[in-house]
Ligand code: GRF
């Protein structure tokens, strides 16, 4: 059985991308796609010899046109599974339809709490004692609302600001995401 062909989508720093590449997952990483041509994440991929591609949002007339270009790239790589690692765009229906139950994301909160943008700020504003990280499938419907694959709680300290909480959760993300994706890929390949 050939290894699943994994494409990773990024938009920025790429620390989760690095954790996934370092984990030597049971997959062939066929490419890293960025929605920002200047994303530092692209350098992390190229330094490891992983093919990269990017599209600038301003070069496309619509969200649909952007995702058409994304789909073309994913098809060129013959991807079967997609991992979002800090990908800051909401995927449109044609992408979701092309990869049903094959798109995985990590979100820095204990979903269903604090979906969408600024989850750390949301957690601090709500005054919760615990937040955390969630690995989930990306499915049509609510943003960050797909089936949960793995979660881990992280303590919120009273003196935390967004940066402090984000850093504490990020450490967990780097452990949780490779572990959850490893299980997901193993089940996919079985
Ligand atoms: C991470 O906190 C991830 O959970 C969220 O965006 C951040 C991306 O960070 N979706 P990085 O690019 O992986 O360093």
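The values are calculated or read from the model by the stated rules, or taken from the named source; none is laboratory data. On a predicted model such as this, the values are computed, not experimentally measured, just so you know. So basically every Cβ, Gly included, is an ideal-geometry build from the backbone, and we count neighbours across all protein chains shown.
Count of region 1-36 residues, restricted to those that are more than 14 Å from residue 77 (Cβ to Cβ) and modelled with pLDDT of 95 or more, is 18. Kindly indicate whether residue 134 is without any contact (Cβ under 8 Å) to a residue 40 or more places away in the chain, surrounded by fewer than 21 Cβ atoms within 10 Å (Cβ to Cβ) and touching a helix residue (DSSP H, G or I) at 6+ places or on another chain (Cβ under 9 Å). The answer is no for residue 134.
Tell me, please, whether a residue that is part of a strand (DSSP E or B), within 14 Å of the ligand (Cβ to nearest atom) and under 30 Å from residue 3 (Cα atoms) can be found in region 172-182. For region 172-182, residues part of a strand (DSSP E or B), within 14 Å of the ligand (Cβ to nearest atom) and under 30 Å from residue 3 (Cα atoms): absent. Looking at region 146-180 only, could you name the residues that are in contact with a strand residue (DSSP E or B) (Cβ under 6 Å, 6 or more places away or on another chain) and farther than 16 Å from residue 119 by Cβ? Selection gives 147, 149, 150, 180. Return yes or no: is residue 143 farther than 20 Å from residue 170 by Cβ and either in contact with a strand residue (DSSP E or B) (Cβ under 9 Å, 6 or more places away or on another chain) or in a loop (DSSP other than H, G, I, E, B) (or both)? Criteria met by residue 143. Within the bounds of region 101-113, is there any residue that is part of a loop (DSSP other than H, G, I, E, B), surrounded by fewer than 16 Cβ atoms within 10 Å (Cβ to Cβ) and away from the ligand (no atom under 16 Å from the Cβ)? So far as region 101-113 goes, yes, one or more of its residues are part of a loop (DSSP other than H, G, I, E, B), surrounded by fewer than 16 Cβ atoms within 10 Å (Cβ to Cβ) and away from the ligand (no atom under 16 Å from the Cβ). All conditions in (1) within 12 Å of the ligand (Cβ to nearest atom); (2) over 14 Å from the mean Cα position of the chain (by Cα); (3) not in a helix (DSSP H, G or I) hold for residue 2, with the sole exception of (1).
Okay, residues lined up against (1) in contact with a helix residue (DSSP H, G or I) (Cβ under 6 Å, 6 or more places away or on another chain); (2) away from the ligand (no atom under 15 Å from the Cβ); (3) without any contact (Cβ under 8 Å) to a residue 60 or more places away in the chain:
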site	(1), (2), (3)
11	no, no, no
19	yes, no, no
32	yes, no, yes
35	no, no, yes
38	no, no, yes
92	yes, yes, yes
99	no, yes, yes
